[in-house]
There are 2 protein chains.
Amino acid sequence: MGDATTPTSPQQPKPIGRRPGSVDTRGHIATIARRHFGERGYDNATLRAIAADADVDPALITHYFGTKRQLFAEVVEPPVDPDTIITALAEVPPDELGERLAELVVGLLDDPTYGATFTALLRTAANNPDIAVMLGDRIKHSILLPLAEQLDTDRPQLRATLTATQTLGLVVAHQIIQLDTLTHIDRRELIALVAPTLQRYLTGPL
Amino acid sequence: MGDATTPTSPQQPKPIGRRPGSVDTRGHIATIARRHFGERGYDNATLRAIAADADVDPALITHYFGTKRQLFAEVVEPPVDPDTIITALAEVPPDELGERLAELVVGLLDDPTYGATFTALLRTAANNPDIAVMLGDRIKHSILLPLAEQLDTDRPQLRATLTATQTLGLVVAHQIIQLDTLTHIDRRELIALVAPTLQRYLTGPL
């Protein structure tokens with residue numbers, strides 16, 4: 001960490017030297033913190049390391065966000081990018097929603113970056129009950145409710161929640177306990193097997 | 001911890017004094033260890049505390065089981081008692097298997113003891129990737145394969161695995177991230193919603 005105070009442009013992802021408290025320093029800290037929590041999990045991330053990586057004084061993080069827990073609460077993201085899911089499903093005919101969502105979820109199973117992020121997030125949730133509940137709330141508001149809004153059916157929120165149970169279980173069984181039937185099965189086949197479940201939850205008779 | 005060396009009968013659950021290395025001391029240690037791992041999770045359980053609770057010298061645990069990891073590997077149990085599941089499903093007509101299994105799983109959701117055990121186990125799995133894989137293997141051999149053996153269908157192992165993804169997801173969504181739609185929904189209704197998914201995985205056309 002240098003001590004240079006040369007002004008940095010917003011385009012520069014990793015500025016040299018301690019940043020002054022400016023309009024986008026807060027966002028810069030949030031970006032770094034999000035990466036640290038994602039890669040290391042909540043328990044192994046430290047304000048000191050985040051501060052060093054962001055080239056700011058740890059006190060500035062406290063000033064902007066408060067405690068580590070409050071920082072986490074503000075920057076944590078659901079295990080999938082909500083926009084990706086919502087945008088991908090927006091143009092899909094209702095009777096193909098199950099298959100399209102199954103494709104999205106099964107596609108994530110073989111993505112090592114996603115796997116690491118999901119594992120870190122689940123570790124954090126399992127170790128910190130209050131954070132787990134907060135995470136559930138975040139998933140509800142950023143994924144399930146927007147998904148529910150797209151459904152032209154009865155009981156959209158219940159449908160989105162049931163959908164979450166199947167997709168979550170698929171990822172946990174594949175990613176965490178690594179059931180070998182799942183790790184070995186052909187991806188097209190897995191999509192075809194799970195799609196009818198998702199389709200029924202999303203648009204079928206309940 | 002006393003030092004009495006009075007012989008203890010196998011019926012006595014918590015003997016007084018250090019136990020000599022006898023035929024059932026190993027089983028006694030395993031029982032205590034299983035409880036410690038279940039209640040505290042792998043990371044918070046210690047050989048010292050298990051030894052104290054079992055009234056044996058820590059060296060005796062090492063002698064019988066090796067490392068803490070090896071002890072865990074030997075005594076860990078799947079998140080549900082396999083016999084309970086297998087026995088409960090043994091007498092059920094094939095076309096009612098989905099509903100009966102849904103009843104069993106939903107019944108566990110409101111059991112605080114089960115909730116604590118499941119959370120501790122998931123915490124252990126999330127924090128220790130190799131243990132997670134071992135746990136998956138245990139689940140496969142003690143629940144999924146016996147369940148598959150009961151199914152008079154094609155591809156029984158795949159069916160049991162798909163069933164595991166839905167039940168696991170239901171428990172994680174309810175127990176860990178506590179989606180409020182799941183915590184509030186009427187239990188009979190939740191059973192009716194999930195049963196068709198399990199029925200299709202167990203006996204339906206894939």
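Using helices alone, what [θ] at 222 nm do you get for chain B, with -39,500 (n - 2.57) per DSSP H run of 4 or more residues, divided over all residues and rounded to the nearest 500?
After summing the helix terms and dividing by residue count, I get -19500 deg cm²/dmol.
What number comes out for the charge environment of B:Ala192, summing +1 per Lys or Arg and -1 per Asp or Glu over other residues with Cβ under 12 Å away? Before the final figure, lay out the partial values.
Values: positive: B:Arg187, B:Arg188; negative: B:Glu99, B:Glu103, B:Asp186, B:Glu189.
Overall, the nearby charge balance is -2.
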Review point. How far apart are the B:Asp57 label points across copies, placing each 7 Å from Cα toward Cβ, in nm, shortest first?
Key: 5.7
Exercise for review: Please identify which residues in the stretch A:83-117 have an amide N closer than 17 Å to a label point set 7 Å out from the Cα of B:Arg69, following the Cα→Cβ vector.
Suggested key: none
Check your understanding: Under the Karplus relation 6.51 cos²θ - 1.76 cosθ + 1.60, θ = phi - 60°, what is the ordered set of whole-Hz ³J(HN,Hα) values for the stretch B:179-195, x standing for Gly and Pro?
Key -> 4, 5, 4, 6, 6, 9, 5, 4, 5, 4, 5, 4, 4, 5, 6, 8, 3
Check your understanding: What is the order of A:Glu103, B:Glu149, fewest Cβ neighbours within 10 Å to most?
Key -> B:Glu149, A:Glu103
Check your understanding: What's log10 of I(q)/I(0) for the stretch B:27-80 at q = 0.28 Å⁻¹, Debye sum over Cα points only, no solvent?
Key -> -1.19
Check your understanding: Can you give the three extents of the C-alpha atoms in chain A along their principal axes, from longest to shortest, in whole Å?
Key -> 62, 37, 32
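Net charge around B:Gly136, counting only other residues with Cβ within less than 14 Å of its Cβ (Lys, Arg = +1; Asp, Glu = -1)? Before the final figure, lay out each step's value.
Values: positive: B:Arg138, B:Lys140; negative: A:Asp180, B:Glu77, B:Asp130, B:Asp137.
Taking every other residue near B:Gly136 into account, the sum is -2.
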Check your understanding: Å³ per residue of the Cα convex hull, for the stretch A:89-147?
Key -> 88
Point to revise | Label spacing, shortest first and in nm, from B:Arg187 to its equivalents in the remaining copies (7 angstrom along Cα→Cβ) | key: 4.1
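Need one value for B:188-194: mean number of C-beta atoms belonging to other chains within 10 Å of its residues' C-beta atoms. Please list the in-between numbers first.
Numbers: counts 0, 2, 3, 0, 1, 9, 5.
Mean partner shielding for this stretch: 3.
Looking only at other chains, what is the average number of their beta-carbon atoms within 10 angstrom of each beta-carbon in B:135-148? Please report the intermediate quantities before stating the final value.
Values: counts 3, 10, 4, 1, 3, 5, 0, 0, 0, 2, 0, 0, 0, 1.
What the average comes to for B:135-148 is 2.
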Check your understanding: With respect to the symmetry axis carrying chain B onto chain A, which residue of chain B exhibits the smallest Cβ distance to that axis, and what is the value in whole Å?
Key -> B:Gly169, 1
Study note, to complete from the structure: Partner shielding of B:177-187, taken as the mean number of other chain Cβ atoms within 10 Å, equals 6
Study note, to complete from the structure: Distances in nm between the label point of B:Thr87 (7 Å along Cα→Cβ) and its equivalents in the other copies, shortest first, are 5.4
**Study point:** Crossing angle, helix B:97-109 versus chain B [Cα axis fit, 0-90 degrees, rounded to tens]
**Key:** 50
Practice item. Taking the Cα atoms of the stretch B:82-203, report the difference between the largest and smallest coordinate on each principal axis, in whole Å and largest first. Key: 37, 36, 20
**Study point:** Choice from B:Thr25, B:Thr161, B:Thr181 with maximal GNM fluctuation in chain B (Cα, 10 Å cutoff)
**Key:** B:Thr181
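Readers should treat all values here as calculations from the given coordinates under stated rules, not as data from a laboratory. The structure presented is a predicted model; accordingly, all values stated were derived computationally and were not measured. Backbone-built Cβ (ideal geometry, glycine too); neighbour counts: all protein chains shown.
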